[in-house]
């Protein structure tokens, strides 16, 4: 059985540049292999030493995709949404006093919790996180988790957009189980890949993401790590899932998700992926082969895996609503990121919206500004 999806050269996205001539410290393109673990019903990126070396290098830089950007409205709404989930956990668990955040980034959530009276600490390999901790008077250990520098027991350990980055999420969570006091809670926030997996959509792929979770695989991973009383909710904003789970040896073991048909999950993904990819490629090449038509991609980070699959890196335009992305470049791709005003001034004949979560919102925005552009959404290619 073929149990992988391979992209020979996929853009290695870790930052945005002011110029396409800016020298990169790592490779612009690296291979990507998507595999499947039937035991956890989990899609994951096959280990590649060159990819890992590149990742470890960029995680220690001052600017990388893992750091929340204050200029990004998406991150503001996401933080508010996650905070609401955390506060529900704190209301339910009155014995929480000592809190650890893994991958604390800007330390915004730790600062809020500190102001509420909790004893807080963060751990993050980036010097940007260390600087934010110093600025906000929050202790931050500059290291990867688990770290010998992080000692003691905690009542709450949480992390946002971290578990998908680690090589072994099971061991990662087991370390947290060991560091929690009895009755302690772990809170996990991770991208929700449910629809990507259901429809064979590889727009979820990033070299930085090793694992691709849906409710089923996240519950299996948490329960296999020793956690009980697992609660998983879809985020109210964007496309994430939040989970809370308890270290409690007195609670009964919750029955695992039924593993029958595990491989069928991958087979369905593979078959739908093949069809979706072929149909999208047919549309893209049809537009690009016509001199009277022009092509644009909205939410361009989502199209990078497809461009890698097709070997196409020029002949189109990129558009996005994130202000600090405007006129910047992905490493290796000499295409500036424009916004809706640029699109209004100089329309394309055909626009493909690549984000499943915000496709309808973007379509309405574009239609309000432009009337003669053919608009397609990636979700138009989804088939049950």
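Among the residues of the range 2-25, just one is touching a residue at least 60 places away in the same chain (Cβ under 8 Å), under 27 Å from residue 171 (Cβ atoms) and over 19 Å from the mean Cα position of the chain (by Cα), namely 3. When residue 309 is tested against (1) part of a helix (DSSP H, G or I); (2) more than 22 Å from the chain's Cα centre (by Cα), just one condition goes unmet, and that condition is (2).
Across the range 226-253, the qualifying residues are those that are touching a strand residue (DSSP E or B) at 6+ places or on another chain (Cβ under 6 Å) and either modelled with pLDDT under 85 or more than 21 Å from residue 212 (Cα to Cα) (or both), and the one among them that is surrounded by the most Cβ atoms within 10 Å (Cβ to Cβ) is 247.
How do the helices (runs of 4 or more DSSP H) wholly within the range 60-179 filter down when requiring 2 or more residues that are at pLDDT 95 or above, farther than 27 Å from residue 192 by Cα and more than 18 Å from the chain's Cα centre (by Cα): which remain?
Numbers: elements: 73-92, 108-115, 127-135, 169-179.
Correct list: 108-115, 127-135.
Evaluation of residue 141 against the conditions (1) touching a strand residue (DSSP E or B) at 6+ places or on another chain (Cβ under 6 Å); (2) touching a residue at least 24 places away in the same chain (Cβ under 8 Å); (3) within 23 Å of residue 104 (Cβ to Cβ) shows that the sole unmet condition is (2).
Here is the figure for the range 287-314: residues that are more than 16 Å from residue 373 (Cβ to Cβ), out of contact with any strand residue (DSSP E or B) (no Cβ under 9 Å at 6 or more places or on another chain) and surrounded by fewer than 14 Cβ atoms within 10 Å (Cβ to Cβ) total 3. If you check residue 115 against the conditions, is it free of Cβ contacts under 8 Å to residues at least 60 places away in the same chain, surrounded by fewer than 18 Cβ atoms within 10 Å (Cβ to Cβ) and on the phi > 0 side of the Ramachandran plot? So residue 115 fails the test. Taken together, the residues in the range 312-325 that are modelled with pLDDT under 95 and in a strand (DSSP E or B) amount to 0.
If you check 332, 296, which single one turns out to be under 30 Å from residue 28 (Cα atoms) and in a loop (DSSP other than H, G, I, E, B)?
Numbers: 296 fails: in a loop (DSSP other than H, G, I, E, B).
Within the list 332, 296, the selection yields 332.
Here's the yes/no breakdown for (1) farther than 19 Å from residue 286 by Cα; (2) in contact (Cβ under 8 Å) with a residue 40 or more places away in the chain; (3) touching a strand residue (DSSP E or B) at 6+ places or on another chain (Cβ under 6 Å):
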position	(1), (2), (3)
344	yes, no, no
348	no, yes, yes
361	yes, no, no
380	no, no, no
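The numbered conditions (1) out of contact with any helix residue (DSSP H, G or I) (no Cβ under 8 Å at 6 or more places or on another chain); (2) touching a residue at least 40 places away in the same chain (Cβ under 8 Å); (3) closer than 28 Å to residue 35 by Cβ are all true for residue 190 except (1).
The values are calculated or read from the model by the stated rules, or taken from the named source; none is laboratory data. Please read all numbers here as calculations on a predicted model, not as lab measurements. A quick note on method: Cβ atoms are made from the backbone with ideal geometry, for glycine too, and the neighbour counts reach across all protein chains shown.
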